[in-house]
Amino acid sequence: MEPRLRATTDGDFEAIHAIEQKAFPNPWPMEAFTDFLFPWAWTLLLDDEVKGYIFYHGVEDEMVIINFAIDPTCQGKGWGEFLLKNSMQLLQDGGVNRFFLDVRASNFKARSLYEKYGFIAVGTRKNYYSQPEEDAIVMGKIIQ
Ligand SMILES: CC(C)(COP(=O)(O)OP(=O)(O)OC[C@H]1O[C@@H](n2cnc3c(N)ncnc32)[C@H](O)[C@@H]1OP(=O)(O)O)[C@@H](O)C(=O)NCCC(=O)NCCS
């Protein structure tokens, strides 16, 4: 498969929303994508089809990963790692050196990927998630 990363466009939101519904127990509604501006968002294309996305929110040298998923049919093949690594590198090239995120405590897959990229757990938000209710682990990575 030929991977390609590009800045997310409005035209990606329908495919992104479809993946979102398959990838998360409590997915973002369509309006969460369409009603806001996302200056730091990348879409993963495999053979020109939308198969993943990552959204960041931030100020100056600090970014928070606010949404990130790979189509379940393509998970476990290195594409999540590809998307995380390349998008973080683009931000780093632009001067970002602090990354944070929240992840469900039970999401060991994602936590393992973040740990692989040097994120460490820096805190817990009690009952942060709903459906099902669950703590969030706050993870951070600071590049010296
Ligand atoms: C989390 C997610 C983005 C990872 O993407 P992916 O393409 O499935 O993962 P990759 O194949 O790139 O794997 C990269 C690393 O993730 C971790 N990982 C992936 N699948 C795993 C599994 N089944 N069990 C444990 N760790 C796993 C490993 O650290 C792996 O590195 P390794 O292959 O050297 O062991 C993807 O599974 C996903 O979209 N999940 C649902 C949505 C989600 O949880 N998003 C994150 C919210 S914080």
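The values are calculated or read from the model by the stated rules, or taken from the named source; none is laboratory data. Predicted model only: the values in this text are computed from it and were never measured. As a convention, Cβ positions derive from the backbone with ideal geometry for all residues, glycine included, and neighbour counts pool all protein chains shown.
If we scan region 71-80, do we find a residue that is more than 10 Å from the ligand (Cβ to nearest atom), within 11 Å of the chain's Cα centre (by Cα) and buried (at least 20 other Cβ atoms within 10 Å of the Cβ)? First the steps, then the outcome.
Looking only at region 71-80, we keep the residues that are more than 10 Å from the ligand (Cβ to nearest atom), and these are 73.
Remaining after also requiring within 11 Å of the chain's Cα centre (by Cα): none.
Scanning region 71-80 turns up no residue that is more than 10 Å from the ligand (Cβ to nearest atom), within 11 Å of the chain's Cα centre (by Cα) and buried (at least 20 other Cβ atoms within 10 Å of the Cβ).
From the list LEU45, LEU101, exactly one residue is closer than 22 Å to ASP10 by Cα and either in contact with a Gly (Cβ under 9 Å, 6 or more places away or on another chain) or not in a strand (DSSP E or B) (or both). Which is it? I'd like the intermediate steps shown before the answer.
Numbers: LEU101 fails: closer than 22 Å to ASP10 by Cα.
So the residue among LEU45, LEU101 that is closer than 22 Å to ASP10 by Cα and either in contact with a Gly (Cβ under 9 Å, 6 or more places away or on another chain) or not in a strand (DSSP E or B) (or both) is LEU45.
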Are there any pairs with C-beta distances below 9 angstrom linking a residue in region 95-122 that is farther than 21 Å from VAL59 by Cα to a residue that is part of a strand (DSSP E or B) and of a type in the set (Ser, Thr, Tyr), with the two at least 6 apart or on different chains, and if so which?
ARG104/TYR128; ARG104/TYR129; ALA105/THR124; ALA105/TYR129
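So if I check each of ASN107, ASN26, which one is at pLDDT below 95, closer than 21 Å to SER130 by Cα and polar (S, T, N, Q)? Lay out the reasoning, then the answer.
Values: ASN107 fails: at pLDDT below 95.
Answer to the check: ASN26.
Among the residues of region 84-98, which ones are away from the ligand (no atom under 12 Å from the Cβ) and either among the aromatic types (Phe, Trp, Tyr) or in a helix (DSSP H, G or I) (or both)? Spell out how you get there, then give the answer.
Kept after step one, since they are away from the ligand (no atom under 12 Å from the Cβ), are these residues of region 84-98: 88-98.
Passing the criteria: MET88, GLN89, LEU90, LEU91, GLN92, ASP93.
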Filter region 48-70 for residues that are in a strand (DSSP E or B) and of a type in the set (Asp, Glu); the one that is farthest from ALA18 (Cα to Cα) is GLU62
Among the candidates ASP12, ASP61, ASP48, residue that is at pLDDT 95 or above and loosely packed, with under 13 Cβ neighbours inside 10 Å
ASP48
